[in-house]
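Quick note: the coordinates plus some simple rules give every number you see, no bench work behind them. Since this is a predicted model, take the numbers as computed values, not measurements. Note that we place each Cβ from the backbone using ideal geometry, even for glycine, and neighbour counts take in every protein chain shown.
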Amino acid sequence: MNTGTGTPTLLAGRYHLERELGAGGMGVVYRARDLLHEQFGEPCAHLAIKVLGERLTLAPDAHVLLYSEFALTRSLRHEHVVRVFAFEVDISSQIAFFTMELMQGMTLDRLLLECPGGLPWRELQPLAVQLLSALAYVHRQGVLHGDVKPVNIMVGEEGVRLFDFGLGHAPIPVAAGLPSLSRGRFNAWTPAYAAPELLAGGALTTSTDLYGVASVLYELAHGKRLGERRDAERPCCPRQLPTQCWSALRAALAVDPERRTIRVEELGEVMTRARRRWFS
């Protein structure tokens, strides 16, 4: 028996796909039950499974592409980054997939729909600090996310979770033991959150990730996307944002990467310090 996308409802003889959780430019994520864990009485037998989207399954390097994402994230251990478990191939269907934790909550894009005027600082600040902490950690591990945007950020009772590294890579993939893949051919970046140099064909860098996360924070504070703008245009300071935070965020949003004179970690420090002064 197959899902609506042609994926079998049972993978590797143990993972029963229950329903689709979401689909992006490169993959589809399902809620699933681990029948083996269930049989042995494990209290939590549910997990998430990611497979490639239909348009990529016929690519000659399809399995390599999915494995590359898994390999990038399997060693990441941070409370605000999704945990991945194992990479497998279903022999009968030849479908590659990897398992990961089943996250609870809603994606940030859904939260934004409920808050069209942006979030008040008392709600925005902890989300911002957690997200910046996660991204700074990822960078310290030598990984670039590549696609920081609201739909790739989960918000739940335990805070935010950064996920979907499908467009990410290690700056030195050979040194990291990963195949060198050109993700630019998928043209899957979202213009509202992608750095201008990335849309112009440039490489992923920590600076392009910085621009992406800064665009997300701007939208959280303002309620509207930064959108496309000319070099001379300057976004206005969202009223919810403390002045010292805006100076740092504006630097991270510079169109010219040479003018992004702040790092993700430093932006996180500014947001954290602002919290103490804001409520003092």
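A compact table of results
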read-out	value
Contour minus Cα-Cα distance for R77 and E266 (0.36 nm per residue)	65.9 nm
The chain - convex hull of alpha carbons, volume per residue in Å³	137
Unit charges at the beta carbon, dipole of the chain: most positive-side option, P191, H78, V270	V270
Positive-end extreme of charge dipole, the chain - chosen from P242, F87, G105 (charges on Cβ)	P242
At R0 = 45 Å, FRET efficiency that the Cβ-Cβ distance of Q39 and R122 yields, to 0.05	0.45
Mean Cα-pair separation over length for the chain, i.e. relative contact order, pairs under 8 Å, 6 or more apart, %	15
The range 7-117, Cα convex hull volume normalised per residue, Å³	131
Rounded tilt (10° steps) of 62-73 against the dominant C-alpha axis of the chain	50
